[in-house]
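The values are calculated or read from the model by the stated rules, or taken from the named source; none is laboratory data. Just so we're clear, the structure is a prediction, and the values are computed from it rather than from any experiment. Every residue, glycine among them, receives a Cβ derived from its backbone with ideal geometry; neighbour counts consider all protein chains shown. Side chains included, ligands, DNA and RNA excluded: accessible areas come from the protein's heavy atoms. Shrake-Rupley method; radii C 1.70, N 1.55, O 1.52, S 1.80 Å.
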Amino acid sequence: MRDGLDAFKPTDKCGIIGIAGREPVASNLYYGLRILQHRGQESAGIAVYDGEIKARRGMGLVHEVFAQDDIEALRGNVGIGHVRYSTTGSSVLENAQPITCQSSIGDIALAHNGDIVNSADLKAELQRKGWGFMSSSDSEVIVRLLANEIAQTGDVERAMREFTSVLVGAYSLVLLVKDTVYAIRDPLAVRPLCVGEIDGSYVVASESVVFDTLGGKFIRDLKAGEIVKLSPDGFQSFRIPHPSHTAHCMFEWVYFSRPDSVLDGRLVYDARVRVGQELAREHPVEGDIVVPVPESGRAQAQGYSRASGLPVIEGLIKNRYIERTFIMPEPTDREISVLLKLNPIRSAVKGKRIVLVDDSIVRGTTIKKIVRILRDAGGAKEVHLRIGCPPIRAPCFLGIDMKTRDQFIANGRTVEEVATFIGADSLGYLSIQGLIKALKHPRDDLCLGCLTGEYPVEIPGEKVRGVKPLETFATAKRAPAARKV
Ligand code: SF4
């Protein structure tokens, strides 16, 4: 669960890291997970190899799960870590990661970011083969599938080629197979994963900011369908079948990733500034000041200001010191949460025509409250809302917790109807074309499924977008998407 304002933004699953070094790695895993904390706040875990795989997992934030003694007890020069927000499987300790599993050649531990679309079929087939499951997570299906393949020949790399051939969906993985760290990015590269170097260790992580913050060096993003094997001396790489296009999740640039990360060659902050610039070109308005929704609309507001010439004013102040609010089931409680988190600078906004900028709208309840705060407590004359993401109308099946159409305020409503619901004087969403231009990736290399309802992989009952579906790039050896193990 996220805190305050962010509690009503969609959440990602998850942040992952793996390190192979010559010194114990638990400390760098711990700090890496803290840097990736924005990608998941429900649980955290670390697994290291020290003659055998030793793991510690717990519910809560990284610093709540691990005490100094825990880190010191996790001795081992190779290891992986995970922070989680659930998208499949409930928020319980059994679903926390890394998930461990015995294989015929020794223990395996897995950390996963993404969602496996066909996990129910794969799980049923494994159960028929006698595999038992401890959790409801699709990530456990992945690790048992790998163990099942390893049991065939004992050849780990062959097993990786085989087990990935039946996975459909989004998966960035780090694996500890006995004493070796592997990382895998799915054939469409939906979720981010990159490799770098820290203190003479080789590291894979969800976002490049891990290398910057820990004094290391970012080397590159993993390619679509790439598997890397880390050692203290470097990494080896091989690739599984992959199409000529990718399907990077546009939401990573729009909202999820940290602004100081570089994802697939694009600095997130710069992409968000370009989003704001496009937004100003598409939706100009007579206004006095640009006000960002903190923190999510800040870079986009800078872009809007640059393109429009209107000054950016921090008209809303966020209380960063309020305790996390874990359970806010009732609408009234949600409103209190927003009030606790935000307060307007009355002298800055009173009597002003405000261009309020945020990254995206999902339910619309939070932004409605923010508009009301600006008007009622701040005395704003007009509030014109500008949103740096086209209307979200369809669920995500690839790793973001947006699962049902009825939660989206834009679903079945016109822009004017949404503006009326929110109480804004006007509303402008960035267009899909504007978003693609700002992200500087070709349309065919992006997943836009929650905007268009067309997905880059086959999902029962949903449309596949008009590029090659997953099966068509498969080699003759590669199994069709629906093949059972
Ligand atoms: S459906 Fe939306 S949130 Fe999900 S992967 Fe695609 S772009 Fe990202």
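Of all residues in the stretch 389-401, which are within 9 Å of the ligand (Cβ to nearest atom) and either open to solvent by 20 Å² or more (accessible area, probe 1.4 Å) or touching a helix residue (DSSP H, G or I) at 6+ places or on another chain (Cβ under 8 Å) (or both)?
Hits for the stretch 389-401 are Ile392, Ala394, Pro395, Cys396, Phe397, Leu398, Ile400.
Taking the stretch 286-316, which residues are part of a loop (DSSP other than H, G, I, E, B), under 30 Å from Leu340 (Cα atoms) and open to solvent by 10 Å² or more (accessible area, probe 1.4 Å)?
Within the stretch 286-316, Gly287, Asp288, Glu295, Ser296, Leu310, Pro311, Ile313, Glu314 qualify.
Could you grab me the full set of residues in the stretch 235-250 that are out of contact with any Asp or Glu (no Cβ under 8 Å at 6 or more places or on another chain) and within 15 Å of the ligand (Cβ to nearest atom)?
If the condition is that a residue be out of contact with any Asp or Glu (no Cβ under 8 Å at 6 or more places or on another chain) and within 15 Å of the ligand (Cβ to nearest atom), then Cys249, Met250 are the ones that fit.
What are the residue pairs meeting all of these: first residue in the stretch 250-262, first residue more than 13 Å from His38 (Cα to Cα), second residue β-branched (Val, Ile, Thr) and within 10 Å of the ligand (Cβ to nearest atom), Cβ atoms under 9 Å, and 6 or more apart or on different chains?
So the pair list comes out as Phe251/Ile392; Phe251/Ile400.
Using the structure shown, decide if Ser426 is hydroxyl-bearing (Ser, Thr, Tyr), modelled with pLDDT of 95 or more, away from the ligand (no atom under 16 Å from the Cβ) and open to solvent by less than 50 Å² (accessible area, probe 1.4 Å).
yes
Has the stretch 191-204 got at least one residue that is assigned to a loop (DSSP other than H, G, I, E, B), under 19 Å from the mean Cα position of the chain (by Cα) and β-branched (Val, Ile, Thr)?
no
Of the residues that sit in the stretch 125-138 and are hydrophobic (A, V, I, L, M, F, W, C) and without any contact (Cβ under 8 Å) to a residue 40 or more places away in the chain, which one is most open to solvent (accessible area, probe 1.4 Å)?
Trp131
Any residue in the stretch 433-452 that is farther than 22 Å from Phe408 by Cβ sitting within a Cβ distance under 8 Å of a residue that is away from the ligand (no atom under 12 Å from the Cβ) and not in a helix (DSSP H, G or I)? List the pairs, counting only those 6 or more apart or interchain.
That search, which allows pairs on different chains as well, returns Lys440/Arg266; His441/Asp264; His441/Arg266; Pro442/His245; Asp444/His245; Asp444/Val467; Asp445/His245.
Taking the stretch 170-194, which residues are surrounded by fewer than 24 Cβ atoms within 10 Å (Cβ to Cβ) and closer than 25 Å to Leu446 by Cα?
If the condition is that a residue be surrounded by fewer than 24 Cβ atoms within 10 Å (Cβ to Cβ) and closer than 25 Å to Leu446 by Cα, then no residue fits.
Picking from Asp270, Asp260, which residue would you name as being within 20 Å of the chain's Cα centre (by Cα) and assigned to a loop (DSSP other than H, G, I, E, B)?
Only one candidate qualifies: Asp260.
Any idea which of Val156, Val168, Val141, Val117 is in contact (Cβ under 8 Å) with a residue 40 or more places away in the chain and either away from the ligand (no atom under 16 Å from the Cβ) or closer than 22 Å to Val78 by Cβ (or both)?
Every option except Val156 fails the conditions.
Among the hydroxyl-bearing types (Ser, Thr, Tyr) and either crowded, with 20+ Cβ neighbours inside 10 Å or without any contact (Cβ under 8 Å) to a residue 12 or more places away in the chain (or both): does that describe Tyr31?
No: the conditions fail for Tyr31.
For the stretch 114-121, check the following and say yes or no: at least one residue is in the same structural domain as Ser165 (by TED's automatic domain parsing), of a type outside the set (Lys, Arg) and over 19 Å from Leu398 (Cβ atoms).
No, because not a single residue in the stretch 114-121 is in the same structural domain as Ser165 (by TED's automatic domain parsing), of a type outside the set (Lys, Arg) and over 19 Å from Leu398 (Cβ atoms).
Within the stretch 90-189, which strands (runs of 3 or more DSSP E) (wholly inside it) include 3 or more residues that are under 25 Å from Tyr455 (Cβ atoms)?
Per the criteria, 106-116, 169-177, 180-185.
Output the number of residues of the stretch 376-388 satisfying the condition of being more than 10 Å from Ala424 (Cα to Cα), open to solvent by 10 Å² or more (accessible area, probe 1.4 Å) and either out of contact with any Asp or Glu (no Cβ under 9 Å at 6 or more places or on another chain) or of a type in the set (Asp, Glu) (or both).
4
May I ask you to say which residue of Val464, Val415 is within 30 Å of Asp288 (Cα to Cα), open to solvent by 30 Å² or more (accessible area, probe 1.4 Å) and of a type outside the set (Gly, Ala, Ser)?
Exactly one residue qualifies, and that residue is Val415.
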